[in-house]
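The values are calculated or read from the model by the stated rules, or taken from the named source; none is laboratory data. Keep in mind it's a predicted model, so treat the numbers as computed, not measured. In this analysis, Cβ positions are derived from the backbone assuming ideal geometry, glycine residues included, and neighbour counts consider all displayed protein chains. Just so you know, the surface numbers come from the protein's heavy atoms only, side chains and all, with ligands and any DNA or RNA stripped out. Shrake-Rupley method; radii C 1.70, N 1.55, O 1.52, S 1.80 Å.
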Amino acid sequence: MKTLNVSTIKKLKNGEFLQIMKNTIELCEKSNPAALGLEIRLDDLRKAVAELEEVFQVAKGHDLTQLIDAADEKRMNVMRAIKNALKSLELGDFDAKTSATLLKNNYENHANNMVKLSVPQKTASLDALRKDWTEDPDLKVAMESLGLTVWMDRLEKTNSQCNDIYLKRIETTKQSGKISEKRYVIKSLFDDMIRDVEAHIRLNENKEGYVTFLQQINVLLSRFTDVYKRQAIE
């Protein structure tokens, strides 16, 4: 007796692959693995599936690109507000105009061609602007005298939020790569378990438990084969 449609497993989406392996574990647990001599195989499969599930949960579920775009737009809105404030302040009295012009010149040094920058380049540029305004004595006095500290605080916050999401996307990409590696390991463990069962069926006189387990696996495989066929049609 052989298993059916094993090749289908490799073609399943990550969530479905994870589910079929969890179902395999459940079937094995209900089939008296000690009596079948599958305890070690089952334990190895359990551990590998648990690791895959942890990585899978990290990698799925968030459209981080859209979140990054939204966070980037938010920090750019703060930059626009600062620019408009500086333009307005340049129309004030001599002291305000002098301070606003000083800040605007520094602003333009950092903001020049910003729309062409990548997300991390923007982050670095905005952080450099913040450091200039908060650490350079003349720029800091100008910022505080014009009441722009609140806008710099907002810029720091929105810039940090955007960077955090960007770094999370990088980590998610790494996790996605790990999924393929873990799927390969799990598929190998599954194949080893099935080969053991098939060998017992050929060699053992008391093979009823093995036959029943393999029949259940075949039903499971057939169910997921139908899932794959529907996906191919869609």
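Of all residues in the range 23-41, which are part of a helix (DSSP H, G or I), closer than 21 Å to N206 by Cα and in contact (Cβ under 8 Å) with a residue 60 or more places away in the chain? Correct list: L27, C28, A35, L36, R41.
Any residue at all in the range 146-159 that's open to solvent by 60 Å² or more (accessible area, probe 1.4 Å) and aliphatic (A, V, I, L, M)?
Of all residues in the range 146-159, those open to solvent by 60 Å² or more (accessible area, probe 1.4 Å) come to 150-151, 153-154, 156-157.
Filter once more, so that each one left must be aliphatic (A, V, I, L, M): 150.
Yes, the conditions are met somewhere in the range 146-159.
So that you can scan it fast, the table gives a plain yes or no per residue for (1) more than 30 Å from Q19 (Cβ to Cβ); (2) modelled with pLDDT under 85; (3) open to solvent by less than 20 Å² (accessible area, probe 1.4 Å):
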residue: Q57; (1), (2), (3): no, yes, no
residue: L64; (1), (2), (3): no, yes, yes
residue: D69; (1), (2), (3): yes, no, no
residue: I82; (1), (2), (3): yes, no, yes
residue: A85; (1), (2), (3): yes, no, no
residue: T98; (1), (2), (3): yes, no, no
residue: T101; (1), (2), (3): yes, no, no
residue: M114; (1), (2), (3): yes, no, yes
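Could you check the range 167-197 and list, in sequence order, the residues that are charged (D, E, K, R) and in contact with a helix residue (DSSP H, G or I) (Cβ under 7 Å, 6 or more places away or on another chain)? Working first, answer last.
Within the range 167-197, the first condition is being charged (D, E, K, R), and the residues that meet it are 168-169, 171, 174, 178, 181-183, 187, 191-192, 195-196.
Those that are charged (D, E, K, R) and in contact with a helix residue (DSSP H, G or I) (Cβ under 7 Å, 6 or more places away or on another chain): K168, R169, K178, K182, R183, K187, D192, D196.
Go through the residues of the range 173-184 one by one and say whether even a single one is among the acidic types (D, E), at pLDDT 85 or above and in a helix (DSSP H, G or I). Yes, the range 173-184 contains a residue that is among the acidic types (D, E), at pLDDT 85 or above and in a helix (DSSP H, G or I). Evaluation of L220 against the conditions (1) in contact with a Ser or Thr (Cβ under 9 Å, 6 or more places away or on another chain); (2) at pLDDT 90 or above; (3) under 18 Å from L42 (Cα atoms) shows that the sole unmet condition is (2).
What do you reckon, is D93 under 38 Å from the mean Cα position of the chain (by Cα), of a type in the set (D, E) and on the phi < 0 side of the Ramachandran plot?
Numbers: under 38 Å from the mean Cα position of the chain (by Cα): no; of a type in the set (D, E): yes; on the phi < 0 side of the Ramachandran plot: yes.
Spelling it out, it is not the case that D93 is under 38 Å from the mean Cα position of the chain (by Cα), of a type in the set (D, E) and on the phi < 0 side of the Ramachandran plot.
Could you please let me know if Y166 is within 30 Å of D44 (Cβ to Cβ), modelled with pLDDT under 90 and assigned to a helix (DSSP H, G or I)? Spelling it out, it is not the case that Y166 is within 30 Å of D44 (Cβ to Cβ), modelled with pLDDT under 90 and assigned to a helix (DSSP H, G or I). Residue check: is L91 open to solvent by 70 Å² or more (accessible area, probe 1.4 Å), farther than 15 Å from L139 by Cα and either outside any loop (DSSP other than H, G, I, E, B) or free of Cβ contacts under 8 Å to residues at least 24 places away in the same chain (or both)? Yes. If the condition is being charged (D, E, K, R) and either over 34 Å from the mean Cα position of the chain (by Cα) or open to solvent by 50 Å² or more (accessible area, probe 1.4 Å) (or both), then the range 116-126 contributes only K116. Of all residues in the range 99-120, those satisfying the criterion of being touching a residue at least 24 places away in the same chain (Cβ under 8 Å) and either among the β-branched types (V, I, T) or over 22 Å from P137 (Cα atoms) (or both) are M114, V119, P120.
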